[in-house]
């Protein structure tokens with residue numbers, strides 16, 4: 001235990017050195033006024049977290065053997081038809097390690113397709129959720145009846161636990177952001193999805209998580225912001241608040257405080273009913289920065305398009321729901337499918353908007369989305 005603690009202290013020292021090395025060239029965090037000026041030039045941001053139906057995770061979406069521009073083009077056409085203008089899309093550090101030039105080209109191909117459909121992209125660089133042991137190559141098939149049974153973390157537990165790999169992670173951030181730092185097709189950079197707020201991460205993969213995961217991510221996250229700024233990002237940077245520890249400003253601390261203080265624009269996740277969603281917005285408005293809800297919509301939780309989008313538009317808040325098309329992620333099954341896999345299609349679906357063949361899950365719902373996105377931004 002003492003050796004492990006010494007090793008962790010060494011990680012913190014390394015990160016401090018990396019911070020000093022990048023600070024001189026990093027741009028400053030946007031002022032609140034600059035962020036508001038940027039937001040005033042944007043349309044009302046409405047869209048979905050996107051992965052094509054034939055990919056189980058980020059790796060299968062982006063690897064050369066499984067990247068499918070034709071399928072992406074088809075599905076983004078469905079999104080465009082209901083007025084969506086933004087997709088939140090996850091990348092992965094192993095893809096950059098595997099084939100940086102090829103990965104960069106596939107990102108450009110994706111952006112070209114999205115742009116043809118009048119859609120901009122919010123890219124996610126790191127993610128602390130689901131399987132902590134990602135691997136390149138062929139991915140396993142979906143576990144029947146289970147929500148997001150193949151999604152993988154970035155960095156994985158092995159990389160997060162090994163300071164010798166942090167320069168590689170820095171190269172990934174600077175390489176991707178630097179390549180597209182002035183690209184108008186990119187709405188922004190979401191640097192870390194749901195970073196853990198403690199070492200007690202729990203969940204279905206608890207036994208396989210990195211030791212001191214919460215502390216490691218807390219030490220690394222500020223450096224990721226510095227790396228992205230040093231790469232010259234002209235787009236805003238953010239990392240989304242999640243859970244409920246931040247809902248009262250007096251309780252914001254640790255990793256959540258880093259997210260608030262380092263983000264150019266504020267983003268958050270909410271799968272709450274309308275009352276909870278609106279209370280969260282009122283809390284976030286106090287930071288005087290543009291706000292994006294980058295995950296919402298879980299029908300059986302009471303988070304729906306009908307009761308969330310009107311509130312988001314009222315407060316001029318961007319709204320990006322989880323899931324566009326029913327597919328290998330199986331996110332139309334609810335979270336509790338990990339404890340009790342479903343033998344049949346759930347009613348209602350948990351996430352997702354379209355069936356695999358493009359038919360809306362609920363035509364009344366897609367009509368409502370189209371009506372909201374075509375209406376004036378009040």
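The values are calculated or read from the model by the stated rules, or taken from the named source; none is laboratory data. What you see is a predicted model, and the numbers here were worked out from it, not measured in a lab. Here the Cβ is made from the backbone with ideal geometry for all residues, glycine too, and neighbour counts use every protein chain on show.
Which residues, taken from segment 212-252, are over 21 Å from residue 89 (Cα atoms), assigned to a loop (DSSP other than H, G, I, E, B) and modelled with pLDDT under 95?
If the condition is that a residue be over 21 Å from residue 89 (Cα atoms), assigned to a loop (DSSP other than H, G, I, E, B) and modelled with pLDDT under 95, then 244, 245, 246, 247, 248, 252 are the ones that fit.
So, restricting to helices (runs of 4 or more DSSP H) that lie completely within segment 19-100, which ones have at least 3 residues that are within 25 Å of residue 271 (Cα to Cα)?
Passing ranges, in order: 69-81.
Residues 351, 344: which one is within 30 Å of residue 289 (Cβ to Cβ) and in a loop (DSSP other than H, G, I, E, B)?
It is 351.
Regarding segment 162-177, can at least one residue be identified that is surrounded by fewer than 22 Cβ atoms within 10 Å (Cβ to Cβ), under 27 Å from residue 270 (Cβ atoms) and either modelled with pLDDT of 95 or more or in contact with a strand residue (DSSP E or B) (Cβ under 9 Å, 6 or more places away or on another chain) (or both)?
no
Could you tell me how many of the residues in segment 354-367 are assigned to a loop (DSSP other than H, G, I, E, B) and in contact with a helix residue (DSSP H, G or I) (Cβ under 6 Å, 6 or more places away or on another chain)?
1
From 85, 57, grab the single residue that is modelled with pLDDT of 95 or more, surrounded by 14 or more Cβ atoms within 10 Å (Cβ to Cβ), over 30 Å from residue 141 (Cβ atoms) and within 19 Å of the chain's Cα centre (by Cα).
85
Would you be able to say whether some residue in segment 22-40 is within 30 Å of residue 102 (Cα to Cα), within 21 Å of the chain's Cα centre (by Cα), modelled with pLDDT of 95 or more and surrounded by fewer than 19 Cβ atoms within 10 Å (Cβ to Cβ)?
No, segment 22-40 contains no residue that is within 30 Å of residue 102 (Cα to Cα), within 21 Å of the chain's Cα centre (by Cα), modelled with pLDDT of 95 or more and surrounded by fewer than 19 Cβ atoms within 10 Å (Cβ to Cβ).
Take segment 132-168 and flag every residue that is outside any loop (DSSP other than H, G, I, E, B) and out of contact with any helix residue (DSSP H, G or I) (no Cβ under 6 Å at 6 or more places or on another chain).
Of everything in segment 132-168, those that are outside any loop (DSSP other than H, G, I, E, B) and out of contact with any helix residue (DSSP H, G or I) (no Cβ under 6 Å at 6 or more places or on another chain) turn out to be 152, 157, 158, 164, 166, 167, 168.
Touching a helix residue (DSSP H, G or I) at 6+ places or on another chain (Cβ under 8 Å), under 17 Å from residue 147 (Cβ atoms) and buried (at least 19 other Cβ atoms within 10 Å of the Cβ): is that true of residue 348 in this structure?
Criteria not met by residue 348.
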